[in-house]
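The values are calculated or read from the model by the stated rules, or taken from the named source; none is laboratory data. What you are looking at is a predicted structure, and each value in this text was computed from that prediction instead of being measured. All Cβ positions, glycine included, derive from the backbone under ideal geometry; neighbour counts span all protein chains shown. SASA here: full protein model, heavy atoms, side chains in, ligands and nucleic acids out. Shrake-Rupley method; radii C 1.70, N 1.55, O 1.52, S 1.80 Å.
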Amino acid sequence: MTDQAYNYAYLDEQTKRMLRRSILKAVAIPGFQIPFASREMPMPYGWGTGGMQVTCAVIGKQDTLKVIDQGADDTTNAVSIRKFFQTLAQAKTTEVTSEASIIQTRHRIPESPLQAGQILVYQVPIPEPLRFIEPRETETRLMHALQEYGVMHVKLYEDIARYGHIATAYAYPVKVNAHYIMDPSPIPKFDNPKMHQSPALQLFGAGREKRIYAIPPYTQVSSLDFEDHPFEVQSWDEPCAICGAQDSFLDEVVLDDRGTRQFICSDTDYCRQQQEANRD
Amino acid sequence: MTDQALLQVKQISKLYQPNKGCQNISFDLYPGEVLGIVGESGSGKSTLLRVISGREQPDVGEVLYRDRNQQVHSLFQVSESKRRHLLRSELGVVHQHPLDGLRPRVSAGGNIGERLMAVGSRHYGDIRARASQWLADVEIDIDRIDDTPLTYSGGMQQRLQIARNLVTEPSLIFMDEPTGGLDVSVQAKLLDLMRRLVQELNLAVIIVTHDLGVARLLADRLVVMKNSEIVETGLTDQVLDDPQHAYTQLLVSSVLQQ
Amino acid sequence: MIRVNQVSKQFTLHNQGGVELSVLQQASFSVAAGECVVLHGPSGSGKSTLLRSLYGNYLIEQGSVQVRHQGQWLELAGIEPRTMIALRRQTLGWVSQFLRVIPRTTALEIVMQPAIEAGLSRAQAKQRSEEMLARLNVPESLWHLAPATFSGGEQQRVNIASGFVVDHPILLLDEPTASLDEQNREVVIELIEQAKQRGAAIVGIFHDAYVRNRVADRLYHLAAQGANS
């Protein structure tokens, strides 16, 4: 594949303009879903076509890109997307969170705090948080417009009634800038507090659903809860088996056929940093 | 007796085609009053109910509602936001088919609690306690609080729908054939419940029904509709025992004597 | 308490070729507080129609009926339904021999109903209702049952109890003693006499000459009406 065969960053310039207009609108109305004309990408829906289009629209030659999937830099999806941008945008790439200017992610927010100037691009499967209870898009749009969000608490109520606590563990709904209820994509609720007042720009792209939304830097993001059942993040009884971190989101890894298991950091970059720090 | 009307319906018309829908409808409803709208299928009863409950814009006319703070709102001039807020707090709608007014896959407790959460309740314990209280009030076993309406019988679903509407202590409930499609014995239980609730809560009700027995039992006052217009109004027993209009006479004489 | 002036009533049967039945011609009388006026006349003379007109059950199209309600005269011709409801709750009591059974509602609840509507607390209403049921010899075992399965006489007594449970300033009685046994007939006569003593104005229909003689201060005679089309 030669770089003349495609425009810089794959999409043509008019498409990127369209995307940037949607992104600007999304930034101007935090948490509000902006429709956009999603393009066919060279991979199936559900593999991150929305996040990829957003990255295509914002990436430039001076950017450094990091791609993670479930926190890991080395999974197939992350590696493929990183390669894609290396080839088509001549982008520098990195695995180090602090070195990246753009981080495209599926299902996690990096453990290392983000900084001003960084952009976090989320891949979103279903952007509409109200859909589970109200399937009509006409109605959900109206509910957003009128801030009729009582039903969101119904979901949490059902959790408590059934399990005794709020069992929703990922895609935990948030209220952005005290107005729109937003689906933060299927990140664990462990990551929800990181969205609040983040210095980084957070962009969300849903390719199949053709929606873009955003949280501008330093925006208030609160997780829904009840007075007597406040929002809580997950915690683990043991530290990461590799780096010993006690403050990161852990994945359970099954080691053999006899049920031996370990808990290790889901964020591979963070885990590596901790290991290096332990060595010093 | 309060001297100020809760709901004023002024010259409402909503026609889908000539004489289909409702036209030239005016009446006042006072707090605690139960108004029955009777007439045959297609006479415009349900259209009228949709309009006066703020769910369908009339071609002409005005519906004024006096809220708890004695403020009068014109239902089709206030913002959509305000109208919908009134509909889930001070007003309520009981649909003929209970599943039209319930969330089928949400538990009974969640169905009742939704209206509370919609008006700002954020305390799980309180919401659950009030949902339980209302289940008891509509004679549903408390053990069923976490079951979804899909697992309920038709009569229970209808009672659940009523509980869901009443939990925010509305001033006015609109009911569209609430006993239609239920067994006679289940109907009796529901009617009895509705009568009791209306009395205890000083609730105003506008009930659309084609069953004159239901109308006689529940309504203080009747509106008789035919071909989209009101042909007769009056005290329920007066309209049924001394009907003036030919159509009302026909309606009354068509009922099997019990 | 009641002034009836030139009241006539005819029914137009639209679905039977517009036949007009004249059932009452120019009735005029008045009733004072503490007085019992008995409507008297042969079958078909319009007694029942007149009584129903006084209760607002029949529309008054010709003539005037005025009733004293909370210190004011109210005209029943053209009255607003909700005013009529208030009038019935506070002022007009109605006792007939026929009980309209309400599904699943107990005898006690039926009797309490008018008392609660008139503004009594539940406790007061319950106490008065129990007294009234006891007085009318309705066995206590029946109080908490729905009257649908009661005998005709039992149903009638439940109905009378609900008619007398509130001390209405005006009572309209439509043959309350018909088909009652002697003992209970005496109770009803007593109730009527007591009502008169507390100043109630009473209009009644009594076929039973014995009761009529016991309670009536005056008779108002009605003549039989013929149909004219």
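For the range A:16-36, indicate whether the set of residues that are in contact (Cβ under 8 Å) with a residue 40 or more places away in the chain, assigned to a loop (DSSP other than H, G, I, E, B) and out of contact with any strand residue (DSSP E or B) (no Cβ under 9 Å at 6 or more places or on another chain) is non-empty. No; the residues of the range A:16-36 include none that is in contact (Cβ under 8 Å) with a residue 40 or more places away in the chain, assigned to a loop (DSSP other than H, G, I, E, B) and out of contact with any strand residue (DSSP E or B) (no Cβ under 9 Å at 6 or more places or on another chain).
If you go through the range A:185-216 and keep only what is assigned to a loop (DSSP other than H, G, I, E, B) and not aliphatic (A, V, I, L, M), you end up with A:S185, A:P186, A:H196, A:Q197, A:S198, A:P199, A:G207, A:R208, A:E209, A:K210, A:P216. Summed over the range C:13-48, the residues that are within 14 Å of another protein chain (Cβ to nearest Cβ) and open to solvent by 40 Å² or more (accessible area, probe 1.4 Å) give a count of 9.
Checked against (1) more than 9 Å from every other protein chain (Cβ to nearest Cβ); (2) of a type in the set (S, T, Y); (3) within 19 Å of B:L49 (Cβ to Cβ), B:T236 passes all but a single condition, namely (1). Would you confirm whether any residue within the range A:172-186 is within 12 Å of A:P30 (Cα to Cα), in contact (Cβ under 8 Å) with a residue 60 or more places away in the chain and hydroxyl-bearing (S, T, Y)? Yes, the range A:172-186 contains at least one residue that is within 12 Å of A:P30 (Cα to Cα), in contact (Cβ under 8 Å) with a residue 60 or more places away in the chain and hydroxyl-bearing (S, T, Y). B:K189 meets all of the listed conditions (1) closer than 13 Å to B:V94 by Cα; (2) of a type outside the set (S, T, N, Q); (3) open to solvent by 40 Å² or more (accessible area, probe 1.4 Å) but one, namely (1). Restricting the first member to the range A:146-164 and to residues that are within 7 Å of chain B (Cβ to nearest Cβ) and under 28 Å from B:S81 (Cβ atoms), and the second to residues that are among the basic types (K, R) and part of a helix (DSSP H, G or I), the beta-carbon pairs closer than 7 Å and six or more apart or on different chains are A:L146/B:R84; A:E148/B:R84. Residues that are of a type outside the set (D, E) and within 11 Å of chain C (Cβ to nearest Cβ) within the range B:215-230 comprise B:R216, B:L217, B:L218, B:A219, B:R221, B:L222, B:V223, listed in sequence order. When A:G164 is tested against (1) surrounded by fewer than 19 Cβ atoms within 10 Å (Cβ to Cβ); (2) in contact with a helix residue (DSSP H, G or I) (Cβ under 6 Å, 6 or more places away or on another chain), only condition (2) is not met. Residues that are of a type in the set (K, R) and within 14 Å of chain B (Cβ to nearest Cβ) were ranked within the range A:85-137; the one that is nearest to A:T55 (Cα to Cα) is A:R131.
Answer yes or no as to whether B:D241 is open to solvent by 40 Å² or more (accessible area, probe 1.4 Å), at pLDDT 90 or above and facing chain C (nearest Cβ under 9 Å). Yes; evaluated as a whole, the condition is true for this residue.
Anything in the range A:71-91 that is surrounded by fewer than 19 Cβ atoms within 10 Å (Cβ to Cβ) and under 28 Å from A:D251 (Cβ atoms)? List them, or say none.
A:D74, A:T75, A:T76, A:N77, A:V79, A:S80, A:K83, A:Q86
Among the residues of the range C:75-99, those that are free of Cβ contacts under 8 Å to residues at least 24 places away in the same chain and out of contact with any Ser or Thr (no Cβ under 7 Å at 6 or more places or on another chain) comprise C:L76, C:G78, C:I79, C:E80, C:P81, C:R82, C:T83, C:I85, C:A86. Of all residues in the range C:49-61, which are open to solvent by 20 Å² or more (accessible area, probe 1.4 Å) and within 11 Å of the chain's Cα centre (by Cα)? Listed by number, the residues that qualify are C:R52, C:Y55. For the range B:58-66, the criterion of being touching a strand residue (DSSP E or B) at 6+ places or on another chain (Cβ under 7 Å), within 14 Å of another protein chain (Cβ to nearest Cβ) and surrounded by 20 or more Cβ atoms within 10 Å (Cβ to Cβ) is met by none of the residues.
Residue count for the range B:74-112 under the criterion of being more than 7 Å from chain A (Cβ to nearest Cβ) and more than 14 Å from A:K155 (Cα to Cα): the result is 26. Of all residues in the range B:120-172, exactly one satisfies the criterion of being of a type in the set (A, V, I, L, M), out of contact with any helix residue (DSSP H, G or I) (no Cβ under 9 Å at 6 or more places or on another chain) and within 14 Å of chain A (Cβ to nearest Cβ), namely B:A129.
The residue of the range C:134-156 that is nearest to the chain's Cα centre (by Cα), among those that are open to solvent by less than 30 Å² (accessible area, probe 1.4 Å) and not aliphatic (A, V, I, L, M), is C:Q156.
Of the residues that sit in the range B:115-145 and are of a type in the set (V, I, T) and part of a loop (DSSP other than H, G, I, E, B), which one is farthest from B:R50 (Cα to Cα)? Checking each candidate, the answer is B:I145.
Residue check: B:P31 meets all listed conditions (1) within 14 Å of chain C (Cβ to nearest Cβ); (2) surrounded by 23 or more Cβ atoms within 10 Å (Cβ to Cβ) but one, namely (2).
Looking at the range C:199-217, which of the residues that are free of Cβ contacts under 8 Å to residues at least 60 places away in the same chain and outside any helix (DSSP H, G or I) is least open to solvent (accessible area, probe 1.4 Å)? Filtering first and then ranking leaves C:D208. For B:R115, are the conditions met, namely being among the basic types (K, R), within 12 Å of another protein chain (Cβ to nearest Cβ), without any contact (Cβ under 8 Å) to a residue 60 or more places away in the chain and in contact with a Lys or Arg (Cβ under 8 Å, 6 or more places away or on another chain)? When the stated conditions are applied, B:R115 passes them.
Here is a check on your reading of the model: is B:G36 free of Cβ contacts under 8 Å to residues at least 60 places away in the same chain and open to solvent by less than 50 Å² (accessible area, probe 1.4 Å)? Spelling it out, it is not the case that B:G36 is free of Cβ contacts under 8 Å to residues at least 60 places away in the same chain and open to solvent by less than 50 Å² (accessible area, probe 1.4 Å).
Of the residues examined, A:Y170 is one that is touching a strand residue (DSSP E or B) at 6+ places or on another chain (Cβ under 8 Å) and either of a type outside the set (D, E, K, R) or within 14 Å of chain B (Cβ to nearest Cβ) (or both).
Inspect the range B:125-142 for any residue being under 16 Å from B:F174 (Cβ atoms) and of a type outside the set (D, E) and give the result as yes or no. Within the range B:125-142, none of the residues are under 16 Å from B:F174 (Cβ atoms) and of a type outside the set (D, E). Under the condition of being touching a strand residue (DSSP E or B) at 6+ places or on another chain (Cβ under 8 Å) and more than 8 Å from chain C (Cβ to nearest Cβ), the residues counted in the range B:248-258 number 2.
The residues of the range B:1-27 that are of a type in the set (F, W, Y) and either surrounded by 15 or more Cβ atoms within 10 Å (Cβ to Cβ) or modelled with pLDDT of 95 or more (or both) amount to a single one, B:F27.
crowded, with 17+ Cβ neighbours inside 10 Å, within 13 Å of another protein chain (Cβ to nearest Cβ) and over 23 Å from C:Q113 (Cβ atoms): is that true of B:R195 in this structure? So B:R195 fails the test.
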